[in-house]
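Here's the structure we're looking at; comments come further down.
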Amino acid sequence: MRDGVVFDFMGAVESVSSLVRKSKSVLGYDIASASTGFPPGIGAAESRTCRFVIERAGLECAALVDEVSAANSVLDIEDGVVVDVGHGSTGVGVMIDSELVEVGDVPGGGMHINLILAGALKISEKEAEIAKRRNGAEVLDIIRPGIERVAYSIARLSRNYEHLPLHIAGGGLMIPGACEIVSQFLERQVVNYPNPLYITPLGLARSSI
Ligand SMILES: Nc1ncnc2c1ncn2[C@@H]1O[C@H](COP(=O)(O)OP(=O)(O)OP(=O)(O)O)[C@@H](O)[C@H]1O
Ligand SMILES: [Mg+2]
């Protein structure tokens with residue numbers, strides 16, 4: 001995946017196959033089906049690619065759901081903005097009376113924050129990922145522009161719904177102080193959750209039941 005789209009089909013198939021092999025050996029039982037998610041608002045052709053990856057890896061595709069709907073099946077927000085800040089892209093869905101009324105997804109997330117850190121510290125992207133996870137609070141001032149850029153995207157994708165709180169899922173803002181920066185920058189209420197990285201995957205798994 002890059003910027004929220006499958007750009008290396010066979011690489012994605014190999015990743016899924018390898019994860020299934022590892023899971024089978026750890027869990028000790030067979031995995032025959034899987035659910036997959038796609039960035040909200042992308043075209044039907046792109047979202048079908050996610051299903052084809054699952055099928056090419058020898059699994060049945062149990063569900064194909066947009067990531068924001070998957071996240072909200074866990075968060076259960078009636079009125080609010082569900083935000084999924086991933087590695088490559090930021091997805092936003094506006095919930096009114098438990099209905100998804102607006103969706104969108106734009107490039108920008110943890111990967112872009114890594115790029116800023118890598119450039120500033122003159123280290124590789126891989127080293128930046130490690131530094132961000134280990135010393136996130138200490139490098140907050142360096143990566144602030146990247147976080148504010150994500151915040152700006154969230155604002156753009158939820159225009160006219162500024163009165164609604166932002167509910168943050170995804171791993172992209174799992175840096176101590178990052179959600180506070182978003183809240184201050186946008187002057188909006190931000191709600192964060194423990195283990196935000198697992199909200200959307202849990203919703204995807206649930207959607208196949
Ligand atoms: N402990 C951590 N501290 C800080 N950041 C983290 C941590 N764990 C994961 N991340 C970041 O979370 C991001 C991955 O989040 P997530 O799994 O939600 O993305 P994704 O679903 O793979 O991406 P996308 O939705 O864009 O396809 C990465 O950018 C990674 O750096
Ligand atoms: Mg994601």
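Only the Cβ atoms of Lys and Arg (+1) and of Asp and Glu (-1) were treated as charged; on that basis the dipole of segment 1-119 about its Cα centre amounts to roughly 780 debye. The loop-placed trypsin sites (Lys or Arg not before Pro) in segment 108-152, going by DSSP, that have at most 14 neighbouring Cβ atoms within 10 Å of their Cβ come out as LYS122. Using the alpha-carbon centroid of each, what span in Å lies between segment 47-73 and segment 171-209? Each part reduced to its Cα centre gives a spacing of 21 Å. Our summary gives the chain a relative contact order of 22 percent, counting only alpha carbon pairs under 8 angstrom and 6 or more residues apart.
Counting DSSP beta bridges in the chain, what percent are antiparallel, to the nearest 5? Mind showing how you got there, number by number?
Details: 15 of 28 bridges.
If we restrict to bridges inside the chain, about 55 percent are antiparallel.
Return P(r) of segment 84-176 (all Cα-Cα pairs; 5 Å bins starting at 0; whole %; ordered from short to long distances). Taking all Cα pairs of segment 84-176, the binned fractions are 3, 14, 24, 22, 15, 10, 7, 4, 1, 0 percent. Listed by chain and number, the lysines whose C-alpha is less than 18 Å from the C-alpha of LYS132, apart from same-chain residues fewer than 8 away, are LYS122.
Bridging of LYS126 to aspartates and glutamates at a Cα separation below 19 Å is possible for ASP3, GLU138, once same-chain residues fewer than 8 apart are set aside. Over the chain, dividing the summed -39,500 (n - 2.57) contributions of all DSSP H runs of at least 4 residues by the number of residues returns a 222 nm mean residue ellipticity of -15000 deg cm²/dmol. Plainly put, the chain has a radius of gyration that is 0.98 times its Kirkwood radius, both from alpha-carbon atoms, as the Rg/Rh ratio.
Comparing VAL81, VAL191, VAL103 in a Gaussian network model of the chain (Cα springs below 10 Å), the most mobile by mean-square fluctuation is VAL191.
The numbers here are math on the coordinates, done by the rules we state, and not lab data. Everything quoted here is computed from the prediction, not taken from an experiment. When we count neighbours, we look across all protein chains shown, and the Cβ atoms used for this are built from the backbone with ideal geometry, even at glycine.
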